[in-house]
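Asker: Have a look at this one before I ask anything.
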Amino acid sequence: MENTCPLISETDAALITDRQSSIMTAGNNKKSISCDVDSLAGSVSQRACVFSGARVVLNPVTDAVHLVHGPIGCASYTYDIRGSLSSGPNMYRRNFSTDMKEKDVIFGGETKLIACIDEIVEKYSPPAIFVYATCVAGMIGDDIVAVCRGASERYGIDIIPVESSGFLSGNKIIGYRAAAEALLKLITPKDGEVVEKTRKLNYLGEYNLGGEKWVVERYLKEIGIGINVAFTGDSTVAKLKKAPGACLNLVQCTGSMHWLAGMLEEKFDIPYMDVNFFGSQNTIESLRKIAAFYDDPGIYARTEALIEREMKAVTPVIEKYKKKLTGKRAAIYVGGAFKALAIIRQLKELGMEIVFTGTQTGKKEDYEEIGNLLNEGSIIVDDANPAEIEKFLIEKKVDVMAGGVKERFLAYKLGVGFIDHNHDRKDGLIGFEGAVKFIREVYVTTCSPVWKYMKEGLKEEDDDRNSQQDDS
Amino acid sequence: MLDCVPDKPVAHTAGKINPIKACQPLGAMYAALGIHGCLPHSHGSQGCCAYHRMALTRHFRDPAMASSSSFTEGASVFGGGSNLKTAIKNIFQIYNPDIIAVHTTCLSETIGDDIPTIIKQSEIPEGKYVIHCNTPSYKGSHITGFSNMCKGMVSYLAGSDGSEKKRRVNIFPGFINPGDMREIKRIVSELGVSYIMYPDTTGVMDSPILPKYEMFPKGGAKIEDIIDSGNSQATLALGSWASDEPAALLQEKCKVKGIPLKLPIGVKATDDMIMAIKNEFGVEVPESLDIERGQVLDTLIDTHFHYQGKTVALFGDPDHVIAMTEFLITMGMVPKYVLTGTPGSKFEKIINGMLEDAGIEGSKVRAEGDLFDLQQWIKEESVDLLIGNSHGKYIARAEDLPFVRFGFPIMDRAVHPLMPVTGYRGCLRLIEMISDALLDRRDRDCLDEDYELVL
Ligand code: SF4
């Protein structure tokens, strides 16, 4: 990927020359971007690590114990990291760590890991334990695979190693893969076991943040389709083991789940399709796609009835807020491309202009798709750093940004509204009702009276910027 | 619903369940942010850095900038030297900080990268600094890391020119909020003594919205002041886990007298800090501070019957918890369960000593404990109030306890980092929080006929 971005002039250039190829401008003929590469040392990347990727995917399995094998930090920071809700067990919200000490680093941490597993089984008798390898565990060469196998045999439960040492890559995708491998291990039937086929579907890449899975489940139920199990929102070990019995896999968060979907197709003959339930248009399209798969007149009819009814509620909200938001300028910087695409679509529906989009883990095809959706001149960045984010927020006179926790306060400091659309959100944004919630959130932050006070202070400094934003 | 402990009591000896500590680099990063124009740098894989920034951002609700060496497998095998050198070059080129403060992570510690040598071999622009400290996460906690970075500041920067010491005090504030640092500086100013505080995160982690955003806000300790701190007459080391070692290092290196003190939380600890300055510099305590102190006493008298004799479960960072225990005893409350996640056997000794002096029996005290321990104790015998960081909210709900948020991290409430719990003003705030929590509970629980207007 040798491409750079000829549309960006010298002054417009990225602040780091080495990062030029990770930035492009929509509307340019050469729509290729350098991505999927390691972050530059010292660039203040907003990315996380392999462990973090694995943890966010697996953590919502509600009745499993999630045991982090490493020094305390890795566990501490991922303490109840998700807003994933459970309809039953709450084991996943506890935070288990082997709390490795110097002695373990020198002599190896396996003994301690075994002791922790023993204690956990005695205390909680969980149906499964996921053992996450962190940097240190991987570095000193603890054989977590052997420890888990031994413990599994001892207790007759699934004790599954997750090979998520942070140094493997700065990219969460590698961690998604480690998690997917662990899940595949968990759901592959043991010798002689047969999982019966059903008419139900699995819903991959859905983590039930603020009950999001339940919303889609309700829609599907209404049109006559059952969810077998979601990966992994509000799932249990027993439900996951039923996964091979589905007739279809929906893939929502593609970054985290495409590989697994492919494996399920190969091993269990389950076809998959991509869906996206963020924003009303995406929701409608996805529901119709699912209905088409089942190809049943009853399902078709109920789908259309549901869409009509729900849109009656959504349309007036869009109309109402569109008046306030048309012409406002938005920026997006999120973890994955799937989310970026969903947000672009929703903001465009509100008449907003997207002037800057970036992701931490997008792939080349993703960026092409993003580029096709955006207007000429919109900036697209892979693995942006705060200096770039700051630069583009100011240069592009952005009114509101969608991003995660590390971007929120930077945006605020620059006088830019903010919508959290990350995996640690606690409030659902899915489906028609989520779309309404999202629109309101965009309005609240973009048009908050607080910016006026800020602008008054800014008046002398930068009159231009004020007049741009003053009509909220 | 959010019970962390099983029904029956079980021994808990291996690992941690719901920890009360984080790892060293977090503390090092926070300390480094307390130097003006500093970009903290995490030498290791990217995840650590992202986590530490996220943890600080969540508590302070301010951007926490920090860079990473972005280790991948290659660096883990061949050492991280070239990553660090590239990082240093990139950082000065892009972000142009005055100083880079490097800390290690478990990974670079395990590999054994020789940071001082790598720094020596790096390109450092004229007039700029690169300092470092080792922060192996498998030792101590985020508090140890904070202390280590303070030591790094002393060893790289502080110097003495050999002339007579200046009538000035250095303050090592410990791992506290910027609001507390501001309050401590105010008190010392009231006493008429000039000071150098470092690290000092005021203006950095409680930075205001200003017409122009600066990546390096106005706040933070100035490098030249840190350098000059070797010429000060004395150093207040506030909180022994965070500040004793850097103060001892400064004493050894530059012959600046170190005065170990508790964090000035509560009446006695605040008195102690003021008296230490009075004795060292021979200043008079101004009437303004007498008035503040008198207001605290007045408030304690006005409210003592709200909380007297109530039992408390308290957890958090050791320096915080030690000072708070002392204040709870002053208030006539009973610290029944006292825990910290940070290791250090002197914690138990200090707390037990305080309890013994106060004639309080039957309390449980633990260093290097976790919230599993705490909840199990509460299940065995409950308390009237829980005090600790945001993670305590699950126990508060499960055990139906009133809850006062105190310490780090507090992620579910705003404004905390700006409001002091130190000094006499901090006493008022703590009394208010504690009384209100208990009175709100009483209002919630009491029978209709006991529902009173005046309490
Ligand atoms: S790998 Fe080590 S330094 Fe990094 S977050 Fe985990 S415990 Fe902390």
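Asker: Below 8 Å between Cα atoms, with a sequence gap of 6+, how large is the relative contact order for the range A:269-347 in percent?
Answerer: For the range A:269-347, the relative contact order is 35 percent.
Asker: Might you tell me the accessible area per residue for the protein assembly as shown, computed with a 1.4 Å probe and given in Å²? Walk me through the numbers on the way to the answer.
Answerer: Details: 33390 Å² over 927 residues.
Accessible surface, normalised per residue, equals 36 Å².
Asker: How large is the dipole of chain B about the Cα centre if only Lys and Arg carry +1 and Asp and Glu carry -1, each at its Cβ, rounded to the nearest 20 debye?
Answerer: Working: 45 positive and 58 negative charges, 304 e Å.
Using only the charged Cβ atoms, the result is roughly 1460 debye.
Asker: Percent relative contact order of the range B:369-417, based on C-alpha pairs within less than 8 angstrom and at least six residues apart?
Answerer: On the way: 45 pairs, mean separation 16.2, N = 49.
That works out to 33 percent.
Asker: Per DSSP H run of at least 4 residues, take -39500 (n - 2.57); add these up for the protein assembly as shown, divide by its residues and hand me the 222 nm value, nearest 500 deg cm²/dmol. Kindly include the intermediate steps, with their values, before the conclusion.
Answerer: Working: 36 runs with 425 residues, N = 927.
Roughly -14000 deg cm²/dmol at 222 nm, from the helical runs in the protein assembly as shown.
Asker: Interface A/B, total buried accessible area with a 1.4 Å probe, nearest 100 Å²?
Answerer: Numbers: alone 19870 and 19500 Å², together 33390 Å².
For chain A against chain B, roughly 6000 Å² becomes buried.
Asker: For B:K257 and B:T330, what does the FRET efficiency come to when R0 = 30 Å and r is the distance between their Cβ atoms, rounded to the nearest 0.05? Walk me through the intermediate numbers first.
Answerer: Values: r = 28 Å, r/R0 = 0.95.
The computed FRET efficiency comes out at 0.60.
Asker: For the protein assembly as shown, what ratio Rg/Rh do Cα atoms give with a Kirkwood hydrodynamic radius?
Answerer: Working: Rg = 28.1 Å, Rh = 29.0 Å.
When Rh is taken as the Kirkwood radius, the ratio is 0.97.
Asker: Next question, about the same structure. Calculate the mean, over all residues of peptide A:109-122, of how many other protein chain Cβ atoms lie within 10 angstrom of the residue's Cβ. Provide the component values of the computation, followed by the final result.
Answerer: Working: counts 1, 0, 1, 2, 2, 1, 3, 5, 2, 1, 7, 3, 0, 3.
The shielding value for this peptide is 2.
Asker: If you take every residue apart from B:G266 with its C-beta less than 15 Å away from the C-beta of B:G266, what net charge results, scoring Lys and Arg +1 and Asp and Glu -1? Please report the intermediate quantities before stating the final value.
Answerer: Numbers: positive: B:K262, B:K268, B:R293, B:R425, B:R429; negative: B:D180, B:E183, B:D271, B:D272, B:E292, B:D319, B:E326, B:D357, B:E432.
Residues close to B:G266 contribute a combined charge of -4.
Asker: Still on this structure, I have one more. Summing +1 for each Lys or Arg and -1 for each Asp or Glu, what net charge is found among the other residues whose Cβ lies under 12 Å from the Cβ of B:V256?
Answerer: Values: positive: B:K165, B:K166, B:R168, B:K253, B:K255, B:K257; negative: B:D228, B:E252, B:E280.
Within the 12 Å Cβ shell, the charges total +3.
Asker: Give me the residues in the range B:169-213 whose solvent-accessible area, probe 1.4 Å, is reduced by at least 40 Å² once all protein chains are included instead of the chain isolated.
Answerer: The answer is B:I209, B:P211, B:Y213.
Asker: Roll a 1.4 Å probe over the protein heavy atoms and report the accessible area of B:S108 in Å², nearest 10.
Answerer: About 0 Å², rounded to the nearest 10.
Asker: Using a basic spin-label model with each label point 7 Å from the Cα along Cα→Cβ, how many nm lie between A:E122 and A:K267?
Answerer: Those two pseudo-labels are separated by 3.3 nm.
Asker: Also: Using only Cα atoms and rounding to the nearest 10 degrees, what angle (0 to 90) does helix B:287-307 make with the longest principal axis of chain B?
Answerer: The two axes meet at around 50 degrees.
Asker: What's the carbon and sulfur percent of the range B:226-374's accessible surface, probe 1.4 angstrom, rounded to a whole number? Numbers along the way, then the final one.
Answerer: Numbers: 2810 of 5550 Å².
Percent of accessible area from carbon and sulfur atoms in the range B:226-374: 51.
Asker: Could you tell me the distance between the Cα centroids of the range B:195-236 and the range B:261-275, to the nearest Å?
Answerer: Result: 23 Å between the Cα centres.
Asker: Local charge sum around B:K85 (other residues, Cβ-Cβ under 13 Å, Lys/Arg +1, Asp/Glu -1)? Display every interim value, and only then the final one.
Answerer: Numbers: positive: B:K89, B:K120; negative: B:D113, B:D114, B:E123.
Counting the neighbours of B:K85, the net charge comes to -1.
Asker: Can you give the relative contact order of the range B:161-248 as a percent, counting alpha carbon pairs under 8 Å and 6+ residues apart?
Answerer: Numbers: 127 pairs, mean separation 37.6, N = 88.
The normalised contact order for the range B:161-248 reaches 43 percent.
Asker: Could you pull out the GluC sites (Glu not before Pro) across the range B:376-431 that fall in loop regions by DSSP (anything but H, G, I, E, B) with no more than 14 other Cβ atoms inside 10 Å? Working shown, then result.
Answerer: Working: sites: B:E380, B:E381, B:E399; in loops: B:E381, B:E399.
Answer by residue number: B:E381.
The values are calculated or read from the model by the stated rules, or taken from the named source; none is laboratory data. All values reported here derive from a predicted model rather than from experimental measurement. Glycine gets a Cβ as well: all are built from the backbone with ideal geometry, and neighbour counts include every protein chain shown. With ligands, DNA and RNA removed, areas are computed over all heavy atoms of the protein, side chains included. Shrake-Rupley method; radii C 1.70, N 1.55, O 1.52, S 1.80 Å.
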